[in-house]
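Trainee: I have a structure here, written as C-alpha cells, and I will follow up with some questions on it.
The values are calculated or read from the model by the stated rules, or taken from the named source; none is laboratory data. Worth saying up front: this structure is predicted, and the values here are computed from it rather than measured. Heads up, the Cβs are rebuilt from the backbone with ideal geometry, glycines too, and the neighbour counts pull from every protein chain shown. Keep in mind that these areas ignore ligands, DNA and RNA; they rest on the heavy atoms of the full protein, side chains included. Shrake-Rupley method; radii C 1.70, N 1.55, O 1.52, S 1.80 Å.
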Amino acid sequence: MHTIPLRHFCMSIAANLVRLRKFQNLTQNDLADLAGLHVNQVRRYEAGNAQPSLDGLKKIALALHVSLDELVFDPNERGPHNARLALLFEAVSNLPADELHVVQAVLDGLIVKNRTKQLAAMHS
C-alpha cells in the first residue's frame, strides 16, 4: 500500500488552502473570520507548519464553499487517470437520474465482485 509522507500531506493542504483562498480574493483574516479560526492557525496551516484537525478542515471547507477533497488532495490526485474513463464518467454524469442509478448499480456490483475475488485470493 502506498502511503503519503505526513509532510507531503501537510504541504498539499497548505498549497490548496492558499490557492483556494486567493482564488476567492480572501485575506487570511477573512478566511479566519469565516471559518471561526484564529488567524495564526490559518497562517500555520498555509505555511505547512501545522495540520488542521478534521473539524478545522470542515470549517475551512465550509467557509471556502469547497469539498474536503479539494482541500486535501492535489487537483490531479483523484479521479480516473485514464483519459477514456474520464470521458466516460463525464458523459455518465449527464445521464438522466434513472439511467445514472443503473450505471452506479453496475459499478457497485463490479467493485464488490472484484473486492470479493481479492479477499478470496488473500485467504487462499
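Trainee: With every protein chain kept in place and ligands, DNA and RNA left out, what is the accessible area per residue of the chain? Probe 1.4 Å, answer in Å².
Mentor: With the other protein chains kept in place, the chain gives 72 Å² per residue.
Trainee: 222 nm [θ] for the chain, helices only, -39500 (n - 2.57) per DSSP H run of 4+, per residue, to 500?
Mentor: Numbers: 7 runs with 87 residues, N = 124.
So the helix-based figure for the chain works out to -22000 deg cm²/dmol.
Trainee: Of all accessible surface on the chain at a 1.4 Å probe, what whole percent is carbon and sulfur?
Mentor: Result for the chain: 60 percent of the exposed heavy-atom area is carbon or sulfur.
Trainee: Taking log10 I(q)/I(0) by the Debye sum over Cα atoms at q = 0.23 Å⁻¹ as the quantity of interest, determine which of [x] -1.54; [y] -1.35; [z] -1.20 was computed from the displayed structure.
Mentor: Step by step, log10 I(q)/I(0) by the Debye sum over Cα atoms at q = 0.23 Å⁻¹ for this structure corresponds to label [z].
Trainee: With θ taken as phi - 60° and the coefficients 6.51, -1.76 and 1.60, list the Karplus ³J(HN,Hα) couplings across the range 116-123 in order, rounded to whole Hz; mark glycine and proline as x.
Mentor: Whole-Hz 3J(HN,Hα) from phi for the range 116-123: 4, 4, 5, 5, 4, 5, 5, 9.
Trainee: Estimate the FRET efficiency between residue 97 and residue 22 by the formula 1/(1 + (r/R0)^6), using the beta-carbon distance for r and 41 Å for R0, to the nearest 0.05. Intermediate values should be presented prior to the final figure.
Mentor: Numbers: r = 36 Å, r/R0 = 0.88.
After rounding to 0.05, the efficiency reads 0.70.
Trainee: Specify which residue in the list 50, 91, 23 is farthest towards the positive end of the charge dipole of the chain, using unit charges on the beta carbon of Lys, Arg (+1) and Asp, Glu (-1), about the Cα centre.
Mentor: 50
Trainee: Between residue 104 and residue 47, what's the calculated FRET efficiency when r is the beta-carbon distance and R0 is 35 Å? Round to 0.05.
Mentor: 0.30
Trainee: Another question, then. What FRET efficiency would be calculated for the residue pair residue 86, residue 55, taking the C-beta separation as r and a Förster radius of 30 Å, to the nearest 0.05? Walk me through the numbers before you get to the answer.
Mentor: On the way: r = 33 Å, r/R0 = 1.10.
It comes out at approximately 0.35.
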